[in-house]
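The values are calculated or read from the model by the stated rules, or taken from the named source; none is laboratory data. Bear in mind that the values here come from a model prediction, so they are computed numbers and not experimental data. So basically every Cβ, Gly included, is an ideal-geometry build from the backbone, and we count neighbours across all protein chains shown.
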Amino acid sequence: MNSGRLLNIILGIYVALIFCFVFAPIIFSMIFSFNSQRFPTIPLGDFTTEWYEKIFADPDIWEAALNSLIVSSSAAVIATFLGFCTAYSDYRYTFRFKGPYLALILLPPTIPLIIMALAMLAWFSKIGISGQIYSIVIAHSVLTAPFAMAVIRLRLNQMDPDLEAAAWNLGGSEWATMRHVIIPFCKPAIASALFLTAAVSFDEFAVSWFVSGLNKTLPVVILEIVQGNIDPQVNAIGTFVFLISMTLVVLAQIFFASRQLKSIRS
Amino acid sequence: MTTTPRKRIGLYELTWRLPIIVWQCVFFAGPVLFMVAMSFFLVRNYRMTEAFDFANWERMLTRGFFWDSYLYTVMIAAVSTVCAMCIAFPAAYALALRASETTRRWAIFLLIIPFFTSYLVRTFSWFVILSESGVINALLANIGLGPFTMLNTSFGTLVGYMTLTLPLVVILQTVTMANIDRTLIEAARNLGCKPMATIWQVIIPLSKTGLIIAAIFCFILSFGDFVAPFYLGGSQEPTLPILILDTTKSGQQWPRAAVVAIMMMLTLFAIAFAGIALAYRKRKGAK
């Protein structure tokens, strides 16, 4: 038993080290965002809000933030709609070519973003829809739909398959059943999917950078600042974006949790 | 509630099935297929003209720099995969088989957080931490060591790859191992199997599928990432994603970039295919 406890302690330290590695860049970036040195090192400089003042005074960053907000919310709505349709089709029907059908929605995340960026840039230019805000929205809806599909499909798994049939037997049409039974049942998953896809879209930079033209989103602005030189503004923007993303994730979690609570109660 | 395949498809059914087909064909399959076609186009006077010509393929595949870059990228992505799998394993083992359910859930929740922080900002943070006058070298200087050059080396690139892949690999390994039937591990122990032998002969074979899938994802992510090799590796040895970036952004040579992208996709398909075949291969004597 004693050697087992020793092993547990060693493994515990090991896990802690892994977490240190994973969180070091996040925590340091937050610390640096309040640090007066242009090139931060130890010992730290004075506490300052200079970098935050700079970014809040910069109209380009406000514009990028607005673009990011528009892109991530629109992409989330489209991706969640597409995800819902696919999840429901997969749940309800068996049909020929179901494999390719599912592959069509599930494949995008397995292709490196730089390749999708090139392919979408070329294709969007060809059909004349590149360089606009909606180009990024379209691209992100394709890239994030699989996540929405996964979340909603998991929720549908929990639905009693007889529920739909019962509604039909009681005289409800397919459309009425969808409106009064299935959508209410999936509501928490739909909300989760919206926040999750919005958060993924909010951080994506490779495809945005390629297809956006002059309409930059926040991550693209970060990319351009980083390319130039060392500028602690990046840390301030990063911390700010982190707070927004985490708010979205926590909201998604709350919907997820409330759904579980409800299913426990019933 | 399954309908027979022969049944006529109604409006209701089509409403749910069609949107994704149309959307993904136009905006996902379209771009990918067009990229394949584009690899045969020609660029004349900085303008791309539609053609069917193998010039781009010939130009890229007969050049040494492409193959150097190709080998380097495959190699460093493989090294990254091996590192991530080995580094993650003890942690995943601890979380999956030795920690309580609550601890495991919290650990997984914490490991999801990095996915929602900007990877660019994390890379920039490493850039500052690892630099010659950065945090690590400042700490090492206190005990009389260094300074060490960590940026613009393969080590820097690997740190970036680990930042990207390690949380995912730990999560996937943990979930896989947590799903192993505990009675089998108990049985091995009762039959006198030593802990290390249990890991090699019981736990790893039982979680083979999940481990291989984790490795495939790790390889895909490292192989396709341009941020780590660019900012932390200094792109002295350009990886394929950097080659795509340079060719597209500065050179306007989209068809050549398409050739590189297609070669990358083929490589990934081959590796994913081999991995999945390996993952689902039945062992001799097994049911």
So which residues in the stretch B:83-112 are of a type in the set (A, V, I, L, M) and either on the phi > 0 side of the Ramachandran plot or free of Cβ contacts under 8 Å to residues at least 40 places away in the same chain (or both), if there are any at all?
B:A94, B:A99, B:L110
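When only residues in the stretch A:83-95 that are hydroxyl-bearing (S, T, Y) and crowded, with 20+ Cβ neighbours inside 10 Å count, which is nearest to the chain's Cα centre (by Cα)?
Across the stretch A:83-95, the extreme among qualifying residues is A:T86.
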Report yes if A:L104 is within 11 Å of another protein chain (Cβ to nearest Cβ), in contact (Cβ under 8 Å) with a residue 40 or more places away in the chain and of a type outside the set (S, T, Y), otherwise no.
no
Residue list for the stretch A:96-115, restricted to those being within 17 Å of the chain's Cα centre (by Cα) and either among the aliphatic types (A, V, I, L, M) or assigned to a helix (DSSP H, G or I) (or both):
A:I105, A:L106, A:L107, A:P108, A:P109, A:T110, A:I111, A:L113
How many of the residues in the stretch B:233-255 are in a helix (DSSP H, G or I) and within 11 Å of another protein chain (Cβ to nearest Cβ)?
11
Criterion: within 11 Å of another protein chain (Cβ to nearest Cβ), surrounded by 14 or more Cβ atoms within 10 Å (Cβ to Cβ) and of a type in the set (V, I, T) - qualifying residue of B:I216, B:I185, B:I212, B:I203:
B:I216
Filter pass, B:F41 being more than 14 Å from chain A (Cβ to nearest Cβ) and over 30 Å from A:I244 (Cβ atoms):
no
Here's a check for you: in the stretch A:17-42, which residue that is within 8 Å of chain B (Cβ to nearest Cβ) and in a loop (DSSP other than H, G, I, E, B) is nearest to A:L243 (Cα to Cα)?
A:P40
Collect the residues in the stretch A:222-235 that are in a helix (DSSP H, G or I) and within 10 Å of chain B (Cβ to nearest Cβ), keeping them in residue-number order.
A:I222, A:L223, A:I225, A:V226, A:Q227, A:V234, A:N235
Can you confirm whether B:F66 is surrounded by 11 or more Cβ atoms within 10 Å (Cβ to Cβ), modelled with pLDDT of 95 or more and in the same structural domain as B:R256 (by TED's automatic domain parsing)?
no
How about the stretch B:58-112: which of its residues are away from chain A (no Cβ under 14 Å) and touching a Cys at 6+ places or on another chain (Cβ under 6 Å)?
B:T81
